[in-house]
Each structure stands twice: as structure tokens, then as C-alpha cells.
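The next block holds one structure in the form of C-alpha cells; read it before the comments.
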Amino acid sequence: MARAGGVAVIGWYVHHHGFGHVSRFLAVQPHLRTPVIVFSTMPRPAELAADVEWVPLPADAEPFDAPDGTRVDPRNADPTVRGHLHWAPHGHPGHRERLATIATTAASRDLRTFVVDVSAEVVTLARLLGLRTVAITQPGARTDAPHALAYGLAHRIVAPWPEGAVATPWLGAHVDRVAWTGGISRFDTRAVPGSVDARRVLLLGRVLPADVRDESIRRLSARGWDVTSVGHDDTSRVDDPWPLLTRSTVVVSAAGQNSVADLAASGARAVVIGQERPFDEQRATAEALEAWGLARRADADVSADELVDLVERAARDAPDWARWRVAGAAARMAAVVEGTQP
């Protein structure tokens, strides 16, 4: 096993887009017996255990100064290398420093296993450093060259949803290395109350434009629904949405992997909105949920009138969320990660 002063250590990269990647880590980490060093541009989560190391990485998407003093937008610095990578802009000091930090720490702490959630470039770097890599995949059309490179290099691939739920033709050549853990939720072990409030709708997160959200609330309220909207801006954020999730008759949520896993953990009747994301990730997930009869699906341009109709249809549903295999999923991922340790 990897040793740092006689103690085994795992490296873990957490992508900074949204809260889903760090939420997944927070769900899995308590199940690990091995210490972890986390690398991320995100700030250290307040709820993270004090004994977990968190290494801050510099940003790599901000404009930077070239040697001649000109200001450079990294999008104009050949970041994809003609489609071979997702993000490696020429000359960006933040990009160089973040990869150097990972490499230096891997060498000084003698890491042997590295979990990547998510980045094709970090998977590539970790494998070039001789580390056993665990790459987390996501739904969507991930058939491009950088994804193919990352999955080809990975020692194991974690798909955090149930096998067969989402079409994954890009994993066909790697199926012997894929672990289908089921949805990973921070609420896996939380108790679900036996009843919900009558005619309560929860609008969770930034799932609707402000005008559509306001009009939806007006129309739902006129039809006798009690509507709560949280997480649509900084002032409406709540640290623990579990009571709202479990009390609501219907939850309107994005179709991100962590959002869906939380819906599954709470057993919610749901309308999921496939927001615009790279590689159509959320659209693919929303379509899978609709096909399995687990939620009503809406597109990102859903109107208030359409949403009201979907909410009232969802209120009569009885989804079998056990199919999403949330129970024990975080522990299953922890076992995959620790199983890669040499």
C-alpha cells in the first residue's frame, strides 16, 4: 500500500464546477479506512473531518499575463490541443502550478492510488506518474478523444449510477474495469419520515430562470400548492435540505448525479430538469429516469404552464427509487478505491 511516513495515503482530485464532486467525496470519505489528500480549487468544506488534508490548487481558467505583457484569455491559448485534451492552455501559470502541485505531492508523499473526479488531464498526469488511477465517469456522450484517453488509462472506472440505467457505449471497451456503484448520496443513512406534507412543492437549486420560477410559483399557489424555493441564489441556500426533501409532495430538481441520488435517498416524487451541461450529461440522466418510471422529465426551456402540469402528474407517481441503488453506494465506491491500493 502507499506509504507516507509508514501511513497509507490516497490522492483525490475534486473538480470545482458545482457542488456535486465535493458532495460525492464527502459521502465516500467516511467509509475509507485509508487517509486521503484532496486536491481542489474549491475551498475546504466546513463539514470535512479535521484529519483530512485539503491541498488548494490555483485557478486555471482566468485570463493571465503573457511574457510580453499582453493579457491572454486561456480560451484563445489552444486549450484543447486540437481536440486531444479538454483543458491545457498554453502558458497559463495557474494550470502549470496545479499540475506541478499534484506531481510534487504525489512524489513527496509516495502516493500510489489517485481518484479523479473529474478531469481527463489529471487522469493522464496521475498515470504518467505511475499511479493507479480511479476515474469517475458521468452520463452523456463521452465519446471524444480526451475521454477515450482517460478511460483507457484508468485502472478502475466508477459509474455512480445503477448498471443499465444510462446508455454508455463509450465504456464498452473498458467494461471489465467499470464499477457500477449506484447513486452516491450524502443522505444515504438518513431516516425517511413516514409521511409528507399535503400539496407541498420544493423547487431545489438553480433549475429555472427567475421569470419562469416566479410564474411557476404563482400558478402553483393559485392551484393550492404550498411552494418552497431554495438554493436558487446565495441568500436562499440551506445547509441541510433533507427535511424539505422528505416533507415535500413533489420535488423539482436538476438532473445532476448528486441531485438524483439525493432524490432517490429521500424517495421523492420528482420532476427532473435536464440542464444544459457539457456532453448532455443531465439530459441523458433525465431520459433514463423517465424511462425507468422514477421521475417526470423536463427540458431546460420548460415553461411555467408545462411545469405545473408535470408537478401535478408527478404527485400521483409511486417511483421505485430502490432501483437507483443508493443504499450502500458510498461504501461500494470506497471499497473500489481501496481495492486498487498495491
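The values are calculated or read from the model by the stated rules, or taken from the named source; none is laboratory data. Keep in mind the model is a prediction, meaning the values are calculated, not measured. A quick note on method: Cβ atoms are made from the backbone with ideal geometry, for glycine too, and the neighbour counts reach across all protein chains shown.
Do we find that Pro139 is in a helix (DSSP H, G or I) and either within 25 Å of Gly83 (Cα to Cα) or touching a Cys at 6+ places or on another chain (Cβ under 6 Å) (or both) in this structure? No, not satisfied.
Of the numbered criteria (1) within 26 Å of Gly152 (Cβ to Cβ); (2) out of contact with any helix residue (DSSP H, G or I) (no Cβ under 9 Å at 6 or more places or on another chain); (3) among the hydroxyl-bearing types (Ser, Thr, Tyr), the one Ser119 fails is (2). Could you tell me which residue of the stretch 181-201 is farthest from Ala261 (Cα to Cα), considering only residues that are under 21 Å from the mean Cα position of the chain (by Cα) and crowded, with 20+ Cβ neighbours inside 10 Å? Across the stretch 181-201, the extreme among qualifying residues is Thr181.
Per the conditions (1) more than 13 Å from Gly183 (Cβ to Cβ); (2) among the hydrophobic types (A, V, I, L, M, F, W, C); (3) not in a loop (DSSP other than H, G, I, E, B), the sole criterion not satisfied by Val302 is (3). Annotation: of all residues in the stretch 323-337 being in contact with an Asp or Glu (Cβ under 7 Å, 6 or more places away or on another chain) and farther than 18 Å from Ile157 by Cβ, the one that is surrounded by the most Cβ atoms within 10 Å (Cβ to Cβ) is Val326. Taking first residues from the stretch 260-276 that are touching a residue at least 12 places away in the same chain (Cβ under 8 Å) and within 15 Å of Glu306 (Cβ to Cβ) and partners that are in a loop (DSSP other than H, G, I, E, B) and of a type outside the set (Gly, Ala, Ser), the Cβ contacts under 8 Å between residues at least 6 apart in sequence or on separate chains come to Ile273/Val207; Ile273/Leu208; Ile273/Val302.
The single condition from (1) crowded, with 17+ Cβ neighbours inside 10 Å; (2) within 27 Å of Ala46 (Cα to Cα) that Asp240 fails is (1). All conditions but one from (1) at pLDDT 95 or above; (2) crowded, with 16+ Cβ neighbours inside 10 Å apply to Phe19; the one that does not is (1). With the structure loaded, tell me whether Phe25 is modelled with pLDDT of 95 or more, in a strand (DSSP E or B) and surrounded by 15 or more Cβ atoms within 10 Å (Cβ to Cβ) or whether it fails that test. Judged against the criteria, Phe25 is not a match.
Name the pairs: first residue in the stretch 117-135 and farther than 13 Å from Ala100 by Cα and at pLDDT 95 or above, second residue among the β-branched types (Val, Ile, Thr) and assigned to a helix (DSSP H, G or I), Cβ to Cβ under 8 Å, at least 6 apart or on different chains? Listed by first residue and then by second, the contacts come to Thr133/Val123; Val134/Val336; Val134/Val337; Ala135/Val123.
None of His86, His92 is at pLDDT 95 or above, more than 28 Å from Gly231 (Cβ to Cβ) and either surrounded by 13 or more Cβ atoms within 10 Å (Cβ to Cβ) or small (Gly, Ala, Ser) (or both) except His92. Of everything listed in (1) free of Cβ contacts under 8 Å to residues at least 60 places away in the same chain; (2) within 22 Å of Ser108 (Cβ to Cβ); (3) among the hydrophobic types (A, V, I, L, M, F, W, C); (4) in contact with a helix residue (DSSP H, G or I) (Cβ under 9 Å, 6 or more places away or on another chain), the single unmet condition for Ala59 is (2). Every condition in (1) outside the structural domain of Gly130 (by TED's automatic domain parsing); (2) surrounded by fewer than 22 Cβ atoms within 10 Å (Cβ to Cβ) holds for Leu204 except the one numbered (2).
In summary, Arg33 fulfils each of the numbered conditions (1) closer than 30 Å to Ala331 by Cβ; (2) assigned to a helix (DSSP H, G or I); (3) among the basic types (Lys, Arg) with the single exception of condition (2). Would you check if there is a residue in the stretch 151-164 being out of contact with any Ser or Thr (no Cβ under 9 Å at 6 or more places or on another chain), crowded, with 20+ Cβ neighbours inside 10 Å, under 25 Å from Glu290 (Cβ atoms) and at pLDDT 95 or above? No, the stretch 151-164 has no match at all. Inspection of the stretch 98-108 identifies no residue that is modelled with pLDDT of 95 or more, assigned to a loop (DSSP other than H, G, I, E, B) and among the aliphatic types (A, V, I, L, M). Contact map, the stretch 95-107: first residue in the same structural domain as Pro58 (by TED's automatic domain parsing), second residue of a type in the set (Val, Ile, Thr) and surrounded by 22 or more Cβ atoms within 10 Å (Cβ to Cβ), Cβ cut-off under 6 Å, separation 6 or more or different chains; the map is empty.
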